[in-house]
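Below is one structure; the comments refer to it alone.
The values are calculated or read from the model by the stated rules, or taken from the named source; none is laboratory data. In this text the structure is predicted, and so the values were computed from the model without any measurement. In this analysis, Cβ positions are derived from the backbone assuming ideal geometry, glycine residues included, and neighbour counts consider all displayed protein chains.
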Amino acid sequence: MKQVLEGVKILDLSRVLAGPYAAQNLADLGADVLKIEAPWGDDTRGWGPPFTTGFDGGDVAAYFLSCNRGKTIIRMNLKEDGKKLRDLVAQADIVVENFRPGTFDRLVGELPDDTILCSISGYGATGPRSSEPGYDLSLQARSGIMSITGEEGRPPVKVGVAWIDVITGLHATSAILAALLHREKTGESQRIDISLWDCAISALVNQAQNKLASGKDPRPMGSAHPNLVPYRAFEASDGWFVLAVGSDSQWQRMVEILEIGCPESWSTNSGRVKERIGVERTLSKIFKNNTRSHWEDVLEGIPCAPVNTIGQAICDIQSVARGAVWSVKGVQTLANPLRGMSLTPAKPGQPSETSFNLNV
């Protein structure tokens, strides 16, 4: 089947996660991705355990497999093989790199007029921190996300996955596709300057907006929500589950199901936010009396879910039904979430015109 980016050549000079993840997204869409590694390989090849069999049959850290599917990989010394590097750049439609700002220009020099360059760095090509290295953890700390993650009064906690790297990879994918469309329409190439810092600040969304509106810094609230109640984890008789009441109508339905007698002030979200402690204590006493599955059944239609392990999530009936895990050359990897994408068909009801690249 036809693939959306079939025929598009991408040179992936990036390492670790954000850049490789962006290039993998494009590979999944059918792009021909050539990844260049240093002679000793990408750092993440050694980021284990666990180690497993890679796409090429050799041992590699599972981390590396999570963001390098669908690529042809070669190793070379970029400083010693400058001419070969420039030749590869000249053949590419898109180059993805995450060296420190200025390094790529020193290695390659002037870009071909039609080459799209996506440069990913910790803090961007401009500004007083542009030369500083940026790993996900340091960005989580400096961006403020760690100040609102975890429990109040406890040591700072990071998000359990390299969150800023992942969202930066997604933003980079979006920017590259926009630049590719722009080139198709105008013939003009683009230089994309994207940083983990910009993406981290942008992803603070409502928490940053709350600060701008109120002047008050948000605080860590565990699993609770600063603007919604009840919206947090509760303990059932057999473990933890979350309840996410997002509207007054959902609240009213839950009150009727649980037969809760509560003050009129709790009928609105703003009232519940003001009386958060009372609302949460009332529900906590109720939820301890039965199992998570019981509450999930009883509260059908009201957003709630058990706090799963990663293994439970991957094996969930929804993951199985949606094909959340791909098998690529005998290696299991997480599926691209855009796997259901289709080009607009000529008329409704026709089969999808596109597919994902699993021939890797």
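Just for the range 32-76: of the residues that are out of contact with any strand residue (DSSP E or B) (no Cβ under 7 Å at 6 or more places or on another chain) and among the aromatic types (Phe, Trp, Tyr), which one is farthest from Phe104 (Cα to Cα)?
Taking the candidates together, the pick is Tyr63.
Would you mention how many residues in the range 279-306 are touching a Ser or Thr at 6+ places or on another chain (Cβ under 9 Å) and either under 24 Å from Asp248 (Cα atoms) or surrounded by fewer than 11 Cβ atoms within 10 Å (Cβ to Cβ) (or both)?
So the count comes out to 6.
Residue under question is Ala313, and the condition is that it be at pLDDT 90 or above, surrounded by 12 or more Cβ atoms within 10 Å (Cβ to Cβ) and under 30 Å from Phe64 (Cβ atoms); does it hold?
yes
Out of the residues in the range 92-129 that are among the polar types (S, T, N, Q) and either assigned to a loop (DSSP other than H, G, I, E, B) or not assigned by TED's automatic domain parsing to the domain that holds Ser195 (or both), state the one that is nearest to Asp42 (Cα to Cα).
Out of the qualifying residues, it is Asn98.
Quick one: how many residues across the range 206-226 are surrounded by fewer than 12 Cβ atoms within 10 Å (Cβ to Cβ), free of Cβ contacts under 8 Å to residues at least 60 places away in the same chain and either assigned to a loop (DSSP other than H, G, I, E, B) or assigned by TED's automatic domain parsing to the domain that holds Met146 (or both)?
Looking only at that region, the number is 2.
Select, from Ile148, Ile164, Ile194, the only residue that is within 17 Å of Ala208 (Cα to Cα) and in contact with a Cys (Cβ under 8 Å, 6 or more places away or on another chain).
Just one listed residue meets the conditions, Ile164.
Being touching a residue at least 12 places away in the same chain (Cβ under 8 Å) and not hydroxyl-bearing (Ser, Thr, Tyr) is the filter here; which residues of the range 58-73 pass it?
Val60, Ala61, Ala62, Phe64, Leu65, Cys67, Asn68, Arg69, Gly70, Lys71, Ile73
If only one of Lys79, Lys2, Lys84 is out of contact with any strand residue (DSSP E or B) (no Cβ under 7 Å at 6 or more places or on another chain), exposed (fewer than 15 other Cβ atoms within 10 Å of the Cβ) and not assigned by TED's automatic domain parsing to the domain that holds Glu184, which one is it?
Sole residue among the options that is out of contact with any strand residue (DSSP E or B) (no Cβ under 7 Å at 6 or more places or on another chain), exposed (fewer than 15 other Cβ atoms within 10 Å of the Cβ) and not assigned by TED's automatic domain parsing to the domain that holds Glu184: Lys2.
With respect to Ile145, determine if the residue is β-branched (Val, Ile, Thr), more than 23 Å from Ile201 (Cβ to Cβ) and in contact (Cβ under 8 Å) with a residue 12 or more places away in the chain.
No; evaluated as a whole, the condition is false for this residue.
Six or more apart or on different chains, Cβ under 7 Å: which pairs go from a residue in the range 104-130 that's more than 21 Å from Ala18 (Cβ to Cβ) to one that's in a loop (DSSP other than H, G, I, E, B)? Could you list them?
Asp113/Ser189; Asp114/Ser189
Go through the range 146-172 and report how many residues are part of a helix (DSSP H, G or I) and more than 15 Å from the chain's Cα centre (by Cα).
3
List pairs: first in the range 7-24 and at positive phi, second among the hydroxyl-bearing types (Ser, Thr, Tyr) and in a helix (DSSP H, G or I), Cβ under 8 Å, 6+ apart or cross-chain?
From the range 7-24, the pairs are Val16/Thr44.
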